[in-house]
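Written out below as structure tokens is the structure these notes cover.
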């Protein structure tokens, strides 16, 4: 009897029903807003974030990226790579307003909009509100309207599922459009380095390289038993992704996946008592957010970032939702106790509640109404 996962291929997915999915991703969003609002910054390397010794880049312009600067990079490193880098503090009120403008454009074409962040979203246009019928044409119209109404550019990916649409939106950045048509998914994915797959970070890619897996084609050669042995719960996702398969639906009002807070410390701390004081403040902030969002979750995760930017996490899951702030605090402190005494000081402390009760599984079972071959 064949493994049920191994039966999933492009042909099988087409039989189960294709969608028309667009992933829209604003280009260097925060930095582009700063360049738009201050013409003197246009064409220059710009970073949004703090420029102090403990600052971190939120994002940077494409001019800065040419020097190797990137999001989440320490500001001191970015300045070393690009001495002429211009820093601007974040203006989240402005970014939120522009994001709302862009969202309103999306909603003119479909009610099925799943925001991922302020600057990107999935759209299901299988049945669009204007009766256009072509996902490619809708993506072109949306990009043109974003440019006309906000003065910013966006890249878009068009395909028959979310995984491929997101890969496609990154293919021709900035200000680009990429289309992966039905039947082309597996071939497109085969050529990509596995580092491009969502959820595979540097360490994951390093582990795969040690196993001889460098590209989507390499990954597709691995059977499900091998993947489960080496990658555990991620195996099914990897097996399907290597074949361009993802039957998750675009979900409007996507449920929150976690609630948390973190704090970058003014000075590195290694003292257990000092860390407990910091953690108490973070617990209070996080629990206020939990109550405000009416979230219920089962997993508490402690994050510590060391002075050298290496990261340590500890998590504990319950069989039921965390019942109270006192229980949340007790778990947080127990996780901290597990790592004390510290081998080196920390610069950041964070605490998160996840495995929320309304979370959907990452990959639903294969299935769905047949749509046949959809014209793109």
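The values are calculated or read from the model by the stated rules, or taken from the named source; none is laboratory data. Predicted model only: the values in this text are computed from it and were never measured. Methodologically, a virtual Cβ is constructed for each residue, glycine included, from the backbone with ideal geometry; neighbour enumeration extends over all protein chains shown.
For the range 211-248, the set of residues classified as part of a loop (DSSP other than H, G, I, E, B) and modelled with pLDDT under 90 consists of 247, 248, listed by residue number.
Residues that are in a loop (DSSP other than H, G, I, E, B), modelled with pLDDT under 85 and surrounded by 16 or more Cβ atoms within 10 Å (Cβ to Cβ): does the range 23-33 have at least one? So far as the range 23-33 goes, no, none of its residues is in a loop (DSSP other than H, G, I, E, B), modelled with pLDDT under 85 and surrounded by 16 or more Cβ atoms within 10 Å (Cβ to Cβ).
Test residue 347 against the criterion of being surrounded by fewer than 17 Cβ atoms within 10 Å (Cβ to Cβ) and either in contact (Cβ under 8 Å) with a residue 12 or more places away in the chain or assigned to a helix (DSSP H, G or I) (or both), and give yes or no. No. Which members of the range 164-182 meet the condition of being touching a helix residue (DSSP H, G or I) at 6+ places or on another chain (Cβ under 6 Å) and assigned to a helix (DSSP H, G or I)? Scanning the range 164-182 gives a single hit, 164.
The rows are residues; the columns are (1) surrounded by 14 or more Cβ atoms within 10 Å (Cβ to Cβ); (2) assigned to a loop (DSSP other than H, G, I, E, B).
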| residue | (1), (2) |
| --- | --- |
| 47 | yes, no |
| 53 | no, yes |
| 77 | yes, no |
| 90 | yes, yes |
| 95 | yes, no |
| 115 | yes, no |
| 130 | no, yes |
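Being in a helix (DSSP H, G or I), in contact with a helix residue (DSSP H, G or I) (Cβ under 7 Å, 6 or more places away or on another chain) and under 30 Å from residue 75 (Cα atoms) is the filter here, so list the residues in the range 279-317 that pass it. Listed by number, the residues that qualify are 279, 283. Out of 115, 111, 89, one residue alone is modelled with pLDDT under 95 and in contact with a helix residue (DSSP H, G or I) (Cβ under 8 Å, 6 or more places away or on another chain). It is 115. Each residue in the range 128-163 was checked for being under 18 Å from residue 247 (Cα atoms) and touching a helix residue (DSSP H, G or I) at 6+ places or on another chain (Cβ under 8 Å), and 6 pass. Against the criterion of being under 15 Å from residue 21 (Cα atoms) and either assigned to a helix (DSSP H, G or I) or touching a helix residue (DSSP H, G or I) at 6+ places or on another chain (Cβ under 6 Å) (or both), residue 207 does not qualify. Among the residues examined, residue 130 qualifies as in contact (Cβ under 8 Å) with a residue 12 or more places away in the chain and not assigned by TED's automatic domain parsing to the domain that holds residue 39.
Can you find a residue in the range 318-325 that is outside any loop (DSSP other than H, G, I, E, B) and loosely packed, with under 12 Cβ neighbours inside 10 Å? No, that holds for no residue.
Residue-by-condition table, conditions (1) assigned by TED's automatic domain parsing to the domain that holds residue 128; (2) under 30 Å from residue 249 (Cβ atoms); (3) within 19 Å of the chain's Cα centre (by Cα); (4) in contact (Cβ under 8 Å) with a residue 12 or more places away in the chain:
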residue	(1), (2), (3), (4)
18	yes, yes, no, yes
21	yes, yes, yes, yes
34	no, no, no, yes
43	no, no, no, yes
53	no, no, no, yes
59	no, yes, yes, yes
63	no, no, no, yes
68	no, no, no, yes
